[in-house]
Structures are given as C-alpha cells and as structure tokens.
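Scroll down for the structure; my scribbles are underneath it.
Derivation of every value follows stated rules applied to the coordinates shown; laboratory data play no part. These numbers were taken from a predicted model, which means no experiment stands behind them. Positions of Cβ are backbone-derived with ideal geometry, glycine not excepted, and every protein chain shown enters the neighbour counts.
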Amino acid sequence: MKLLVVEDEALTANYLHQGLSEAGFVVDLARTGLDGHHLAMTGDHDLFILDVMLPDVDGLRILKALRDAGRKTPVLFLTARDGVDDRVKGLEAGADDYLVKPFAFSELLARVRTLLRRGLAVPLAERLDVADLSIDLLRRRATRAGRRLILTAKEFALLELLLRRRGEVLPRSLIASHVWDINFDCDSNIIDVAIRRLRVKVDDGFDTKLIQTVRGMGYMLDVPDDE
Ligand code: CA
C-alpha cells in the first residue's frame with residue numbers, strides 16, 4: 001500500500017515517513033503544496049495524508065482539486081489544535097478523516113488502516129486467506145497451516161499485495177512501486193530475490209505452492225489450477 005504525505009515541517013514529515021515505512025507502507029513525501037498537488041494528481045497512491053497549513057498551495061486546495069477531478073482516494077488531513085474552521089472546511093471539501101496536531105503515531109496508524117479498509121471497493125475483512133495461508137492485517141501477522149511465518153515488514157507488504165490481488169498477475173514494476181520506494185524497469189532482480197525469500201517462508205515444506213511465477217509477466221498468488 002502506497003501513501004502520499006504532504007507536510008512542510010521537517011520533523012513531522014520525517015516522523016511520519018519513518019513510522020509509516022516501518023509499518024510496511026511505501027511512503028512518498030512532498031514538502032510543498034505544489035509538489036504534493038502534482039504527486040497527488042499524477043500518482044497511484046492508496047491514501048493521502050495532507051497537512052492543511054502549507055506555505056504555498058494549502059491542503060484544502062489540494063483536496064478540492066482532487067475531488068473536482070473525481071479522485072476518490074481517501075484523504076486524512078492534519079490540522080492545528082485551534083483549526084476548527086479548517087476541520088469543517090476539510091470535511092465539507094471531501095476529506096475522510098482528520099487528526100489534530102500533535103497526535104500519537106498509533107492513532108494516526110489506526111486511522112490510516114481504517115480508511116484503507118473503507119476505501120476499497122470490496123470492504124476488507126481484518127484478515128485475508130488463501131487455502132491454509134492467512135494474514136492478520138491489524139496485527140501484521142501471517143500464518144500457514146496455523147504456524148506463524150516470521151516475515152520482515154517488506155515481506156509482509158509483498159505478501160499482503162499478492163493476497164489482496166489474488167489470482168492477478170502482478171508485473172515487477174507494479175510490485176516495485178507498491179512495496180518499495182522505487183520505480184524501475186523490470187530487469188532489476190530485487191523483486192525476484194524478495195519473492196524467492198518469501199517463497200521459502202510461505203511455500204517450502206507444503207505440497208501446494210501458492211506463489212506462482214508467470215514467465216515474462218510477473219508473479220501471482222493463488223491455489224494452482226490443477227488442485
Ligand atoms: Ca504545516
């Protein structure tokens with residue numbers, strides 16, 4: 001899952017970037033309203049976190065531009081303690097939720113996860129299952145046949161993406177942009193290495209291999225056709 005944070009204050013921006021990355025999200029950061037506006041209109045983010053008070057184009061204008069363009073991406077905006085007007089205007093302009101600064105990171109993370117679940121066309125359960133593989137999205141845990149899989153944050157994010165798009169062939173470039181902070185052409189082997197490691201954890205020792213390679217196209221997670 002890929003988030004865009006638009007925040008001009010360096011401390012808050014870095015804190016959000018680090019915390020959300022550690023929670024397994026890919027985070028793009030914009031330090032000005034103009035950059036934020038551009039990235040929001042052109043990117044493929046799953047959620048935006050917009051600070052209202054920005055020196056150039058403020059968060060409300062970015063939000064209005066998004067909604068005017070018909071973009072329904074969930075928006076969480078950040079306001080100052082005395083910014084009651086901003087909160088009212090933000091919600092009227094189509095924001096999905098707001099947080100008042102200063103906020104606890106755990107609170108932000110909970111709101112982000114709620115909005116992501118709500119924002120998907122098909123409402124998500126708190127867990128995803130394929131065959132005997134299961135991931136708990138809230139606790140960020142994966143199990144296979146009831147046994148806990150020890151995954152890094154990136155591995156969990158990769159597995160989550162594969163499970164959310166079960167049965168869909170995912171090109172390496174899409175995996176790269178959703179799980180890593182990078183866009184690159186498909187010949188990089190970062191994805192292949194990560195898939196190999198994930199496969200060892202998910203499929204080794206099981207007859208049913210869930211992570212499938214689709215030659216020349218990418219990777220897919222599903223129960224194989226012949227079962
Ligand atoms: Ca600010």
Q) Over all pairs of distinct alpha carbons, what does the Kirkwood formula give as the hydrodynamic radius of the chain, in Å? A) 18.7 Å
**Q.** the chain: relative contact order in percent, alpha carbon pairs under 8 Å with at least 6 residues between
**A.** 15 percent
**Q.** region 37-99: trypsin sites (Lys or Arg not before Pro) in DSSP loop, at most 14 other beta carbons within 10 Å
**A.** LYS72, ARG81
Q. So what is the calculated 222 nm ellipticity per residue for the chain, using -39500 (n - 2.57) for each DSSP H run with n of 4 or more, over all residues, to the nearest 500 deg cm²/dmol?
A. -12500 deg cm²/dmol
Q) Count of lysine pairs in the chain with Cα atoms under 28 Å apart, counting only pairs 8 or more residues apart in sequence or on different chains? A) 17
Q: Name the long-range amide H neighbours of LEU78: under 5 Å, sequence gap of 5 or more, or other chain; modelled H, no Pro or chain starts.
A: LEU50, ASP51, VAL52, LEU99
(Q) If I model a spin label at MET41 and ALA145 as a point 7 Å from the Cα along the Cα→Cβ vector, what separation in nanometres do I get? (A) 5.4 nm
Q | Vicinal HN-Hα couplings computed from phi for region 72-82 (Karplus, 6.51 cos²θ - 1.76 cosθ + 1.60; Hz; Gly/Pro x) | A | 9, 3, x, 10, 10, 10, 10, 10, 6, 4, 9
